[in-house]
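The values are calculated or read from the model by the stated rules, or taken from the named source; none is laboratory data. No experiment lies behind these values; they were computed from the predicted model shown. Don't worry about glycine lacking a Cβ; one is built from the backbone with ideal geometry, like all the others, and counts go over all protein chains shown.
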Amino acid sequence: MSSFTLSTEIRFGKDALDSLAQYAGRRAFVVTDSFLATTDVFATLVRILGPHVTVFDQVLPNPTIALIGQGLAQYLQARPEVVVAYGGGSPIDAAKAMHKGALEAGLAAPEGLVVVPTTSGSGSEVTGFSVITDEATHAKIPMVSPDLLPKVAVLDARAVVGVPPRTTADSGMDVITHATEAYVATTASDFTDACAEKAAQLAFAHLTRCFTHGDDLEARTRMHSASTLAAIAFDNAGLGIVHSLAHALGGRFPVAHGRLNAILLPHVIAYNAERSEHAAAKYAWLGHLAGSSATGTRAGVVSCVARINKINAELGIGPGIKECGVDPADVRPHLDELARTAMADGCTATNPVVPTHTDLVALLRQIL
Ligand SMILES: [Fe+2]
């Protein structure tokens, strides 16, 4: 038996943010970062929520255990009726961890956690994951629990129009990678495939427009939908070795997660397609969704890889680790250890092909 779960209410479309007026006048605890707290859209959010808002705007990238403790203390003091996360992956993950802490203390906001994502990328607004960093060891602690699933996700393009092009590119390629990996994952189903196909189709069609014309609300709206759809797919189907390798590399070299995915994805598609007919046929279909008229599986896979390479080029990404600002000579001594870390990563289990250590080293060499 398999199952497909979606427990988050998704609010979307023009002025979706205004729906938070349902909480107006209630005690609200809002989690964000110090930059976002100065933006016009954030001011609108606070105005909609009304006079009883407590703002915690101290979230930094890679939120730590200490930061969660600090936020939780303020959360408990504020005794909120609703918690609102406003931001990209870090403020959302931080708010999820604080809310879980409050749940465990029996003092959680009764209206639950509402998430307003300000990037189209992580998909954290619909997943039961949160990643917190142990400041003592620098280790990332992945938390997985139904308690971390937001009650409401608000997809309002006004929250993403101000995202700079580089972040739009990186987070957008993360979306394409989520959709692609979930689509060929060993635990993919008709339900996750429906979400992954639509996510890929929307992202192929709209990502570069978001990059070149950040204020295009229509393109931003479609890309925001793609991000959430891709996350629904991977939350249920899992991911693959693009993410395993990106996690390993990202733990050692300071390169954006989506950028690492972007440069690895074409190589992993070629690797998987050579060894799995089933995966190859699905990649070929993604090529078709990207606009290719190629016939036959092999030509379809080639068109899928070509489309991704073209999008990367249009976004100014890649093709290798050198273009990410990392000297390949600094990576070479760590290939063995990086491959071991990637092999142990949770995402490897659902890759359509079971890789060997040698395969993972070879894939890493390709981006050097
Ligand atoms: Fe990702």
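Summary table
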read-out: Where ILE141 falls short, out of the listed (1) away from the ligand (no atom under 16 Å from the Cβ); (2) out of contact with any helix residue (DSSP H, G or I) (no Cβ under 6 Å at 6 or more places or on another chain); (3) in the same structural domain as HIS357 (by TED's automatic domain parsing); (4) not charged (D, E, K, R); value: (3)
read-out: Test: residue in region 288-305 that is free of Cβ contacts under 8 Å to residues at least 60 places away in the same chain and farther than 21 Å from GLU197 by Cα; value: no
read-out: Considering residues of region 323-335 that are without any contact (Cβ under 8 Å) to a residue 40 or more places away in the chain and in a helix (DSSP H, G or I) only, the residue surrounded by the most Cβ atoms within 10 Å (Cβ to Cβ); value: LEU335
read-out: Test for SER225: is it over 19 Å from PRO164 (Cβ atoms), within 13 Å of the chain's Cα centre (by Cα), surrounded by fewer than 24 Cβ atoms within 10 Å (Cβ to Cβ) and away from the ligand (no atom under 12 Å from the Cβ); value: yes
read-out: THR348 being exposed (fewer than 12 other Cβ atoms within 10 Å of the Cβ), closer than 15 Å to GLY240 by Cα and not hydrophobic (A, V, I, L, M, F, W, C); value: no
read-out: All positions within region 235-258 that are closer than 16 Å to ASN62 by Cβ and within 11 Å of the ligand (Cβ to nearest atom); value: ALA246, HIS247, GLY250, ALA256, HIS257, GLY258
read-out: Unique residue being out of contact with any Asp or Glu (no Cβ under 6 Å at 6 or more places or on another chain) and either closer than 16 Å to LEU363 by Cβ or away from the ligand (no atom under 13 Å from the Cβ) (or both) when the list is ASN272, ASN261; value: ASN272
read-out: Residue ranges of strands (runs of 3 or more DSSP E) in region 27-137 with at least 1 members of a type in the set (S, T, N, Q) and within 16 Å of the ligand (Cβ to nearest atom); value: 129-134
